[in-house]
Structure formats: structure tokens, C-alpha cells
Amino acid sequence: MSENLDVATIAERLTALAGGNGRVFVAIAGAPASGKSTLAEILRDMVDRAHPGKVEILPMDGFHYDDAVLRARGTLARKGAPHTFDADGLAALLDRLATSERPVAVPVFDRALEISRAAARIIAPDVRLILVEGNYLLLDDPDWARLRPRFDLTVFVDVPVPVLEQRLTERWGGLDPQVAQAKIADNDLPNARLVAEQSVAADIVLKG
């Protein structure tokens, strides 16, 4: 059964986890524009004040397939949908992080360039808490379900669809209005509804 908690209470729980000896993985999931990336950064900063250098963020977006791959597959227009990510690659990296005693380089998605940059962030061996954030971490789908056993705790950011639509409109405000509206209606909102309707229950829910 999910618990409805506020940010401060979630941070307290994560701070306790970061103080342990083992490495802990926490999934932070939510729809596009739900605020999960911002939440992950806030929680990281709050935990880091108590345990400096013991917490890091691993964004799922770093596992976007490159545009060249999506173009060859005919799925570029749906970039951001579940099948446009390398879920197996994320699973493999989580396994490596769970066992490695060496620094591990991880990819980060560059939104300005619209590409994933390999080895863009280093997770040091003394990091105890890794916040994995992304849309589909709790998706009830075979390709994504294999990730769930790797998480020690799961958090879902629950935001109403009308609010998501407003935030997405603001996100794409620099585009031609017709292009932006098509992108939102044909890709972002379907992805948001998929996350809202087909994610399994999280341990913790934060109402956005």
C-alpha cells in the first residue's frame, strides 16, 4: 500500500538510507513535466547536507536511443515513448553500480542538444544512495518490469493531466505554436497518460 508523504518526510527517509553501509537505489517516477527531475535534485541536496558526497542522481533520460537509431526504426516522432529507451542498458548499469567498488561513469541526456552524452557524470564508490529518476521506472510492461527488483524504494510523483498539459505548453514555448501543440498532443500527453494509467503502485506517492 502506498504512503502519501510530503517532500520533507521523504527526505528524512532517504537521509536515513544514505547513512547505511550498503548501496541503496530509489526510483523516482512520474509523467513528463511532473517535476520528478526537480524533486530528485531537491532530495539530493537535502540528503547531501546530512551526508555529503553520499547521494547521486541517475537519470533514465541518459538511455534515450540516439536520433539516428530512432530514424532508422521509423520511431523518431515518438521520441520519449517507452520503446525509444534502452531499458536493458539501464538495467545493466544498475547491476554494475550495485557491485562495483570503482567509480562508474553514467550517461546524461543533454536537452539542449537532444542527445545522450556518454560518461557525462561519475558516481563515486562511496556514494550510498542513488536516486534513479524517469518516466517509466514503474511501468507495468515486461521491458521495464525487470528494473523493479533493483529498487529498494519507489516514489511516484502524481500530477493531474491538465497540470501536465500546462507545464508541457510552457516547456515547448520556444517552438512554433502548431509544432508545439502537435508534439504535446501526439507524443507527450499519450506518454503522460500511459505513465498515469499503467504504472504499478509505488511505495511512496507525492501529490504534485
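The values are calculated or read from the model by the stated rules, or taken from the named source; none is laboratory data. Since this is a predicted model, take the numbers as computed values, not measurements. Quick reminder, even Gly has a Cβ in these numbers, built from the backbone with ideal geometry, and neighbours come from all protein chains shown.
General observations
- Every residue from segment 14-32 that is over 11 Å from the mean Cα position of the chain (by Cα) and outside any helix (DSSP H, G or I): G19, G20, N21, G22, R23, V24, F25
- Any pair with Cβ under 7 angstrom, 6 or more apart, that starts in segment 179-207 at a residue that is in contact (Cβ under 8 Å) with a residue 24 or more places away in the chain and ends at one that is among the aromatic types (F, W, Y) and outside any loop (DSSP other than H, G, I, E, B): S199/F156; A202/F156; V205/F156
- S100 falls short of the stated requirement of being among the small types (G, A, S) and touching a Gly at 6+ places or on another chain (Cβ under 6 Å).
- Segment 1-13, subset aliphatic (A, V, I, L, M) and assigned to a loop (DSSP other than H, G, I, E, B), residue surrounded by the fewest Cβ atoms within 10 Å (Cβ to Cβ): M1
- For beta carbons closer than 7 Å, sequence separation of 6+ or different chains, a first residue in segment 38-59 that is basic (K, R) and outside any strand (DSSP E or B) and a second that is surrounded by 14 or more Cβ atoms within 10 Å (Cβ to Cβ) and at pLDDT 95 or above, the qualifying pairs are R44/V55; R44/I57; R44/L131; K54/A18; K54/V127; K54/R128; K54/L129.
- Residue check, A33 aliphatic (A, V, I, L, M), modelled with pLDDT under 95 and surrounded by 20 or more Cβ atoms within 10 Å (Cβ to Cβ): yes
- Condition met for V163 (modelled with pLDDT of 85 or more and surrounded by fewer than 18 Cβ atoms within 10 Å (Cβ to Cβ)): yes
- Here E170, E114, E133 are screened, and the one residue that is modelled with pLDDT of 95 or more and of a type outside the set (G, A, S) is E133.
- Residue list for segment 60-90, filter: assigned to a helix (DSSP H, G or I), surrounded by 15 or more Cβ atoms within 10 Å (Cβ to Cβ) and of a type in the set (D, E): D61
- The helices (runs of 4 or more DSSP H) found entirely in segment 91-208 that carry 1 or more residues being of a type outside the set (S, T, Y) and in contact with a strand residue (DSSP E or B) (Cβ under 8 Å, 6 or more places away or on another chain) are 142-145, 189-198.
- Leading residue by the ranking (surrounded by the fewest Cβ atoms within 10 Å (Cβ to Cβ)) among those in segment 166-196 that are under 26 Å from D6 (Cβ atoms) and not basic (K, R): E170
- Residue in segment 162-177 that is of a type in the set (A, V, I, L, M, F, W, C) and in contact with a Phe, Trp or Tyr (Cβ under 7 Å, 6 or more places away or on another chain) present: no
- Some residue of segment 116-126 being closer than 29 Å to V47 by Cα and touching a helix residue (DSSP H, G or I) at 6+ places or on another chain (Cβ under 7 Å): yes
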